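Any read-out appearing in this document is the output of simple, stated calculations on the displayed coordinates, not a laboratory observation. What you are looking at is a predicted structure, and each value in this text was computed from that prediction instead of being measured. Here the Cβ is made from the backbone with ideal geometry for all residues, glycine too, and neighbour counts use every protein chain on show.
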Amino acid sequence: MELDAAERLRKSGINRYEAVIAVSKYARRLNQERQKEKSEDEKSDTASDQLPKITSQALRDVLNGKVEFERPSK
């Protein structure tokens, strides 16, 4: 995990509380996709420790701008 995640969020203009919500929703979606693939590919022997942790991957994707999210209007 990168130590400068809070700094990168601040520079990008994303509110840290909005980022937490975006990361958690994205991580939930990644988990659902992973579980779906796992149930479809029960025959394959993919070790779960080879895959990155879902929350770490979600945070990296949000910080790198790979995830788009809408801010609710006030």
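Listed values, structure above:
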{"read-out": "Normalised contact order of the chain, rounded percent, pairs of Cα under 8 Å and 6 or more residues apart", "value": "42 percent"}
{"read-out": "Simple spin-label estimate for ASN15 and GLU42 in nanometres, 7 Å along Cα-Cβ", "value": "4.5 nm"}
{"read-out": "Under Karplus coefficients 6.51, -1.76 and 1.60, residue-wise ³J(HN,Hα) of the stretch 24-35 in Hz, glycine/proline x", "value": "5, 5, 5, 5, 4, 5, 4, 5, 4, 5, 5, 5"}
{"read-out": "Options (i) 2.20; (ii) 1.49; (iii) 1.30 - which one matches Cα Rg over 2.2 N^0.38 Å as calculated here", "value": "(iii)"}
{"read-out": "For peptides 57-66, 28-37, 15-24, sequence by mean Cβ density within 10 Å, most packed first", "value": "57-66, 15-24, 28-37"}
{"read-out": "Nearest-ten-degree value, helix 54-63 long axis tilted from longest Cα axis of the chain", "value": "40 degrees"}
{"read-out": "Charged-residue dipole, Cβ positions (Lys, Arg, Asp, Glu), the chain about Cα centre, Debye nearest 20", "value": "460 debye"}
{"read-out": "Cut-off 12 Å (backbone N to label point 7 Å along Cα→Cβ of LYS53), residues of the stretch 1-41", "value": "1-2"}
{"read-out": "Total lysine pairs under 27 Å (Cα atoms) in the chain, excluding pairs fewer than 8 apart on one chain", "value": "16"}
